[in-house]
Structures are given as C-alpha cells and as structure tokens.
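> Quick one: the structure is below, and I'll ask about it shortly.
The values are calculated or read from the model by the stated rules, or taken from the named source; none is laboratory data. The structure displayed is predicted, hence computed values, not measured ones. Positions of Cβ are generated from backbone atoms using ideal geometry, with glycine treated the same way; all protein chains shown enter the neighbour counts. Calculation scope for accessible area: heavy atoms of the full protein, side chains included, ligands and nucleic acids excluded. Shrake-Rupley method; radii C 1.70, N 1.55, O 1.52, S 1.80 Å.
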Amino acid sequence: MGQPKQERAVQTRSALVRAAAEVFDEYGYAGAGINRILKRAGLTAGALYFHFGSKEGLAEAVMNAGQDTVEPLLESRGLQRLVDVTLVWAHRLGVDPLLRAGVELSLGHEDFADGAPFESRRELMAGYLREARDLGELREGVDPEVVARFVVGACTGVQLYSRQVDGRASLPQRVKEMWDCLLPGIAAPGTAQDFDTGVARGERLGRMGAQA
C-alpha cells in the first residue's frame, strides 16, 4: 500500500525545512538560492511553492521549527524547567543547523525583524516563571514578565558575545554563568543552589531531546 498522502506531505515539508536550514546555516540567507535548497532536499520547486509560497515563507518555517528544538522532553517544572530550556538551547546551537539557522534569521535579516521569535520565547519563559511563582520558587515581588524579558535579552546577548569571541564554543558555560548571577536575585531565599545550571546537564538533556 502506498504511503498516505498526508504523511507524504508532512515528510516533504520536513525535508524542505531541514534542507533550507542547512543551506541557510552554510551560506546565509542571501546565499541560499532556491535551487541549492531544492537540490539538498531532493525535491522540486513545485513542492516548495505549494508548502511555503516563497523562500521567505520557508525561512519563517525554519525559524518556527527552530523554536521546537529548545523545548526538551523533561519532567522538570517551574524555575528548573526554564533553566533547562536555556541549557539545552545553548548545547543544541552547537550541533543543530536548524536551530542555528533560525537564530541567525531572527537576528540578521531585515525581512524577519518583527520581533515575533523573541516574543514567542518571552511568553514561553513567562509561563515557566508563573509556574515557579505558584510553586513558591520565586522571591516575593518578582514579576515573571519582567524576568522573562530579561532572560530573553540576556540569552540573546551571551549568544552574540560567544558567537563573536569563539564561534559559540563557550556558550553553554556563558549560560551557566548567567544563571549563577541571576538565580540568587529571583529564587526564593536560600534556594538558588537547589537549581542545576551545569553544562553537563545541558549536554545530557540536549542529547535526549535529539533522540526523542
């Protein structure tokens, strides 16, 4: 029996997104010609235009797909889950062209400078912080929305710093240092040390997410 049409469509879309991410990662958005992407995917122009409408639409899909790679399959909740998301993100940026391409597109091309990827991350983080507040993990008076905006900005900054200094090799360590500075100011008194910010944790959870 032939492969169901819906399943084929999902696989075609996924192949195009993955191929585009690899080409964007290697050549940048401007250098990523449609023919190069199609050759990498082994698909036709008709498939690209049917699923995405344009190269810009495909780039937006890459950014949206990249967001999914930073949401690990974990049992952690609240503040630890927020930490885990950033640790996995820092690890996966070094090994996953889909995530790298999404980050570069959101930062480096004027057609995608509407802030949507950053707002999506902020809302994700704010949700974990609200949960942390409900669990009694935050200091009294800490505003989840304010902290979420700060963490998005801080992650963006340490990512850019690490990219320029050593090609992101130090990013997991920079994210650990970010949390070691931040947690004492937002975690409930005496609990900052209870949260694991270790580089090894990010590597382990990042591998789990890649295998899932």
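> Using only Cα positions of segment 55-203, each an equal point scatterer, no hydration layer, compute I(q)/I(0) via Debye at q = 0.14 Å⁻¹ and quote the log10 values to two decimals.
Rounded to two decimals, the profile gives -0.65.
> When the convex hull of the C-alpha atoms of segment 83-159 is computed, what volume per residue in Å³ does it have?
Each residue corresponds to 90 Å³ of Cα convex hull volume.
> Evaluate the charge dipole of the chain about its Cα centre and quote only its size in Debye, nearest 20, assuming +1 on the Cβ of each Lys and Arg and -1 on the Cβ of each Asp and Glu. Before the final figure, lay out each step's value.
On the way: 25 positive and 29 negative charges, 149 e Å.
Around 720 debye, computed over the chain.
> Turning to a different aspect of this structure: What accessible area per residue comes out for segment 68-212, rounded to a whole number of Å², with a 1.4 Å probe?
Details: 6960 Å² over 145 residues.
Dividing the accessible area of segment 68-212 by its residue count gives 48 Å².
> Suppose only helical runs count, i.e. DSSP H with n ≥ 4. What mean residue ellipticity at 222 nm does that imply for the chain under -39500 (n - 2.57) per run, divided by all residues and rounded to the nearest 500 deg cm²/dmol?
-24500 deg cm²/dmol
> If you line up the Cα atoms of segment 155-212 on their principal axes, what length do they span on each, largest first, in Å?
36, 30, 15
> Aspartates and glutamates within cross-link reach of K55: Cα-Cα under 20 Å, excluding same-chain residues under 8 positions apart?
Excluding near neighbours in sequence, the set is E22, D25, E26, E104, E110, D111, D114.
> Kirkwood Rh, Cα Rg: Rg to Rh for segment 1-101?
Expressed as Rg/Rh, it is 1.06.
> With a cut-off of at most 11 other beta carbons within 10 Å, and DSSP calling the residue loop, which GluC sites (Glu not before Pro) in segment 10-88 qualify? Please list them.
E75
> Can you pull the percent of the chain's accessible area that's carbon plus sulfur, 1.4 Å probe, other chains left in place?
52
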